[in-house]
1. Residue 353 is checked against (1) surrounded by 24 or more Cβ atoms within 10 Å (Cβ to Cβ); (2) free of Cβ contacts under 8 Å to residues at least 60 places away in the same chain; (3) under 20 Å from residue 155 (Cβ atoms) and fails just one. What number does that condition carry?
2. Within the range 453-488, work out how many residues are within 17 Å of the chain's Cα centre (by Cα) and surrounded by fewer than 18 Cβ atoms within 10 Å (Cβ to Cβ).
3. Looking at 68, 64, 31, 37, which one is surrounded by fewer than 17 Cβ atoms within 10 Å (Cβ to Cβ), modelled with pLDDT of 85 or more, in a loop (DSSP other than H, G, I, E, B) and more than 28 Å from the chain's Cα centre (by Cα)?
4. Would you confirm, using the coordinates I've provided, whether residue 164 is modelled with pLDDT under 75, touching a helix residue (DSSP H, G or I) at 6+ places or on another chain (Cβ under 9 Å), part of a loop (DSSP other than H, G, I, E, B) and assigned by TED's automatic domain parsing to the domain that holds residue 291?
5. Residue by residue through the range 185-201, note down the ones that are surrounded by 15 or more Cβ atoms within 10 Å (Cβ to Cβ) and either within 33 Å of the chain's Cα centre (by Cα) or on the phi > 0 side of the Ramachandran plot (or both).
6. Please indicate, with yes or no, whether at least one residue in the range 236-251 is assigned to a loop (DSSP other than H, G, I, E, B), within 22 Å of residue 382 (Cα to Cα) and under 27 Å from the mean Cα position of the chain (by Cα).
7. Pick from the range 278-290 the residues that are part of a loop (DSSP other than H, G, I, E, B) and under 26 Å from the mean Cα position of the chain (by Cα): which of them is nearest to residue 235 (Cα to Cα)?
8. Determine whether residue 250 is crowded, with 18+ Cβ neighbours inside 10 Å, at pLDDT 90 or above and in the same structural domain as residue 207 (by TED's automatic domain parsing).
């Protein structure tokens, strides 16, 4: 990943004149609307919440429009001392332009607002490349998966399981047990990509073993001298990875299922997998050959399903890929050396990908979109990491590593849209947040197990699992997503929230998704432009502006006069969205 270059934000902070378009006036007026003037500042509202003032009335109200009316007026009382928020939900996979999303404003100010019009703001994704603050949040390093491995998993070549012999290839011929006979100190050649993405073979030595894993360390990445950040591992470090994976395996398989070749020897005809060895293999080397002692971002590790294929199978599909033919992870030596806790969390993440490929692709022959697969891997980190010594307070837990980015970028892309390049961190953050919301409000580990066990993928899988676990549909869960943005801590009441801890037992193992207060987490833009240094919680966008909404997205808006309102009654006029997939909610905190 190339470093971000600080600069003027072109779309999020500095909305250009081309991006601000005048919308038709809200009410007819004899005076034509003037062209909106571009505002060079970030169009947000700094929320004001009195922690002692807990709203006890109907805190969430969905705005419904009767008959053919295009507006609805609402009187809200009592609200003195409380704050109001307008939530918009796009329940379709298609983007909706700003002018079609509807809006709401104080009825008393309708005339003056009609004169100024409602300018339309857009949020180009290029804006997020312009600030070094956006990526790092409150941690020192950032990680992302191997894009080639992701692409392969989305659309793998056909692969038939033809057991029952564990050594029988799924294309019908015997596969050599290349790993099964390996002993400590043995050397094997592995295919990897060099810094120019060309396939090369490197020697690696088996340095550590455990019940469920074998750790191979590239010869160039091994050292007998312990030294942090030298891109080399000792035998003790390799053994620590092997031992930690045993804990991950013990906790992750009851919840997510087994990798191909895992399971119970007496009942699984594929036991031993493609290489005849029930152990999962972990290759430690310099991924992308990008080592520097000050490295702060990169691929920490990855699973690539190509290794389930024989080379002849890949060649027959006119692929240039090279297989290592085994159940295998790749781990970066520098990050394993310098940030072992991040690597442990990464192993939990990548193990879900390995299990996922077996369950959804091989067994059910279904294709998983990247957002769905990544969401489940991030949830694996969420629940498994604290069980293996990476608590929710650790910088490498997804609450700390993903939520700060989510707080600022939640409306920049839709749930099912997977971005590329530097912007991919927004996608990781957004799918993790949505998954964290689902897990904490609709069944915890029971929901995750239901998702993994059904024979569907993507939204259909979530819909079936939600109905089985919580008797609610995906559409209904998405419709209530906005509540989790607003309510937490003492203000939560009976509303849905990220700040909900849920523990469920599976196979007598307790799985806990720990609640967190979204409003206490620092965002990544604090101190930038009009945002104060101590800003926490999601960006609340100024209700005087309209914004495009990607498919399956949410935006939270408010007005200065809606923050700790001084009057006991507020009268609001809502304009009906012209797109039927946009729902409006008024929330009071």
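The values are calculated or read from the model by the stated rules, or taken from the named source; none is laboratory data. Remember, predicted model here, so these are calculated numbers, not experimental data. Reconstructed Cβ throughout: ideal geometry from the backbone, glycine too, with neighbour counts over all protein chains shown.
1. The failed condition is (2).
2. 1
3. Details: 68 fails: modelled with pLDDT of 85 or more; 31 fails: modelled with pLDDT of 85 or more; 37 fails: modelled with pLDDT of 85 or more.
Checking each option against the conditions leaves just 64.
4. Numbers: modelled with pLDDT under 75: yes; touching a helix residue (DSSP H, G or I) at 6+ places or on another chain (Cβ under 9 Å): no; part of a loop (DSSP other than H, G, I, E, B): yes; assigned by TED's automatic domain parsing to the domain that holds residue 291: yes.
Judged against the criteria, residue 164 is not a match.
5. Of all residues in the range 185-201, those surrounded by 15 or more Cβ atoms within 10 Å (Cβ to Cβ) come to 188, 190-193.
Listed by number, the residues that qualify are 190, 191, 192, 193.
6. Our first condition is that a residue be assigned to a loop (DSSP other than H, G, I, E, B); within the range 236-251, this holds for none.
No, there is no match, as no residue in the range 236-251 is assigned to a loop (DSSP other than H, G, I, E, B), within 22 Å of residue 382 (Cα to Cα) and under 27 Å from the mean Cα position of the chain (by Cα).
7. Quick first cut of the range 278-290, residues part of a loop (DSSP other than H, G, I, E, B) only: 278-279, 286, 290.
Add one more test, that the residue is under 26 Å from the mean Cα position of the chain (by Cα), and what stays is 286, 290.
Details: 286: 17, 290: 23 Å.
It comes out as 286.
8. Values: crowded, with 18+ Cβ neighbours inside 10 Å: no; at pLDDT 90 or above: yes; in the same structural domain as residue 207 (by TED's automatic domain parsing): yes.
It is false that residue 250 is crowded, with 18+ Cβ neighbours inside 10 Å, at pLDDT 90 or above and in the same structural domain as residue 207 (by TED's automatic domain parsing).
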